[in-house]
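Colleague: Below you'll find the structure I mean.
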Amino acid sequence: MALTNSQYDQIMRAYEVKQRNARLRLEKKKTQIYALVPGLKELESQIASFSVKQARLLLDGDKNALNTLKDQLAKARNKRTSLLEQAGFSPDDLTPVYECPDCQDTGYIGNQRCHCFKQAAINLIYTQSNIKSILENENFNTLTLDYYSDTPIDPSTGRSPLDNAKLAVAACHSFIERFDCSFENLFFYGCTGVGKTFLSNCVAKALMDSGHSVLYFTSFQLFNILEESKFHQDADARQQEEDLFTCDLLIIDDLGAELTNSFSVSQLFLCLNERLLHKKSTIISSNLDLDKLFDTYSERNFSRIISNYTLLKLTGADIRLQKRK
């Protein structure tokens, strides 16, 4: 993610707090266990002393003394395990518990940012752009199908607006459940106010909650980033462009609402094609019907969407207007 210095510092301060809390929890638990297991604290000190001696012997190359020390260390550790188990504990109770065991709450695995850091960066940007508050109100827990009617029946599909909504919701749940084992993409289309963005937000919230990186942009925001990156060499935009191609899920909302030109058509192809090549999932929503989509974004883009996306048409009356009434 493209982070400012202050955003990066904010995330790293949070990691420092996590590490400190892990140490405090461990010290508190150790104190409790030491009080219940006589001799354990002294045995822990002995094991620590043995470990230091072992390191020194390794440096000195004294293999005979090293083998003897290894035996003593093994016996001490076995005794510790026995003492703990007799009191109803395990050796794991004497190790710190981290929120992210992969990076041990440092944010990094080697020189690479941990997956939890990437998600923290996305969460921070969501929070600062007010997207997170939107997802608190637009998710599967707040989803209702009450605004979809069971009439009229579309003669070409045999489905009502309610049938279409149920089909789309089921496809969203399937998309989430199979996200880690199956490469899929979704394309929501239909008139204004039929729930396309709401369903996209439902999927975003579910995947973010499970630790996946999700980026949401309106089509206007998307093409603005690509324009800034290409023509103005903006560093933040260039980083955001990279994130567009690498995040677990990219959501492009309201495709067709932007001013369409040859640049946006070519950049849409670049974005969709890159994500297809890297098997990174995308959700697109649009008010355009399929004929208009073909006319607006060229055969190449239309072919990518038709061939690689599950097409989900939502129909019915404008939900926003229904809520106002």
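Colleague: Within region 172-204, restricting attention to residues that are surrounded by fewer than 22 Cβ atoms within 10 Å (Cβ to Cβ) and under 13 Å from the mean Cα position of the chain (by Cα), which residue is farthest from Leu255 (Cα to Cα)?
Modeller: Taking the candidates together, the pick is Asp180.
Colleague: Would region 206-224 turn up any residue that is among the charged types (D, E, K, R) and buried (at least 22 other Cβ atoms within 10 Å of the Cβ)?
Modeller: No, the conditions are met nowhere in region 206-224.
Colleague: May I pose another question? Quick one: which residue in Ala257, Ala204, Ala237 is of a type in the set (Gly, Ala, Ser) and farther than 23 Å from Cys191 by Cα? Before the answer, list the steps.
Modeller: Working: Ala257 fails: farther than 23 Å from Cys191 by Cα; Ala204 fails: farther than 23 Å from Cys191 by Cα.
None of the others qualify; the one that does is Ala237.
Colleague: Could you look through region 67-96, keep only residues that are in a helix (DSSP H, G or I) and hydrophobic (A, V, I, L, M, F, W, C), and pick out the one that is surrounded by the most Cβ atoms within 10 Å (Cβ to Cβ)?
Modeller: Leu84
Colleague: In addition: Given the criteria closer than 28 Å to His212 by Cα, among the aromatic types (Phe, Trp, Tyr) and either part of a helix (DSSP H, G or I) or open to solvent by less than 70 Å² (accessible area, probe 1.4 Å) (or both), does Phe245 qualify?
Modeller: Values: closer than 28 Å to His212 by Cα: yes; among the aromatic types (Phe, Trp, Tyr): yes; either part of a helix (DSSP H, G or I) or open to solvent by less than 70 Å² (accessible area, probe 1.4 Å) (or both): yes.
Judged against the criteria, Phe245 is a match.
Colleague: Any residue that is assigned to a helix (DSSP H, G or I), aliphatic (A, V, I, L, M), within 24 Å of Asp102 (Cα to Cα) and in contact with a helix residue (DSSP H, G or I) (Cβ under 6 Å, 6 or more places away or on another chain) - is there at least one of those in region 220-235?
Modeller: There is no residue in region 220-235 that is assigned to a helix (DSSP H, G or I), aliphatic (A, V, I, L, M), within 24 Å of Asp102 (Cα to Cα) and in contact with a helix residue (DSSP H, G or I) (Cβ under 6 Å, 6 or more places away or on another chain).
Colleague: Please enumerate the residues belonging to region 99-127 that are part of a loop (DSSP other than H, G, I, E, B) and buried (at least 19 other Cβ atoms within 10 Å of the Cβ).
Modeller: Taking region 99-127 as the starting set, the residues that turn out to be part of a loop (DSSP other than H, G, I, E, B) are 99-107, 110-111, 114.
The answer is Cys100, Cys103, Asp105, Gly107, Cys114.
Colleague: Can you list residue pairs whose Cβ atoms sit under 6 Å apart, with the first residue in region 265-289 being open to solvent by 30 Å² or more (accessible area, probe 1.4 Å) and the second being among the hydrophobic types (A, V, I, L, M, F, W, C)? Count only pairs 6 or more apart in sequence or on different chains.
Modeller: Glu274/Phe245; Lys279/Phe183
Colleague: While we're on this one: Just to check your reading of the model, which residue among Leu272, Leu288 is over 21 Å from Asn123 (Cα atoms), of a type outside the set (Asp, Glu) and over 20 Å from the mean Cα position of the chain (by Cα)?
Modeller: Leu288
Colleague: Taking region 121-171 on its own, how many of its residues are within 21 Å of the chain's Cα centre (by Cα), β-branched (Val, Ile, Thr) and at pLDDT below 95?
Modeller: Looking only at that region, the number is 5.
Yes or no, residue by residue, for (1) part of a helix (DSSP H, G or I); (2) surrounded by 13 or more Cβ atoms within 10 Å (Cβ to Cβ); (3) modelled with pLDDT of 95 or more:
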site	(1), (2), (3)
Ala2	no, yes, no
Asp9	yes, no, no
Lys18	yes, yes, yes
Glu27	yes, no, no
Lys30	yes, yes, no
Pro38	no, no, no
Lys41	yes, yes, no
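The values are calculated or read from the model by the stated rules, or taken from the named source; none is laboratory data. Remember, it's a predicted structure, so these values are computed and weren't measured experimentally. Glycine gets a Cβ as well: all are built from the backbone with ideal geometry, and neighbour counts include every protein chain shown. Please note that ligands, DNA and RNA were not included when accessible areas were found on the heavy atoms of the full protein model with its side chains. Shrake-Rupley method; radii C 1.70, N 1.55, O 1.52, S 1.80 Å.
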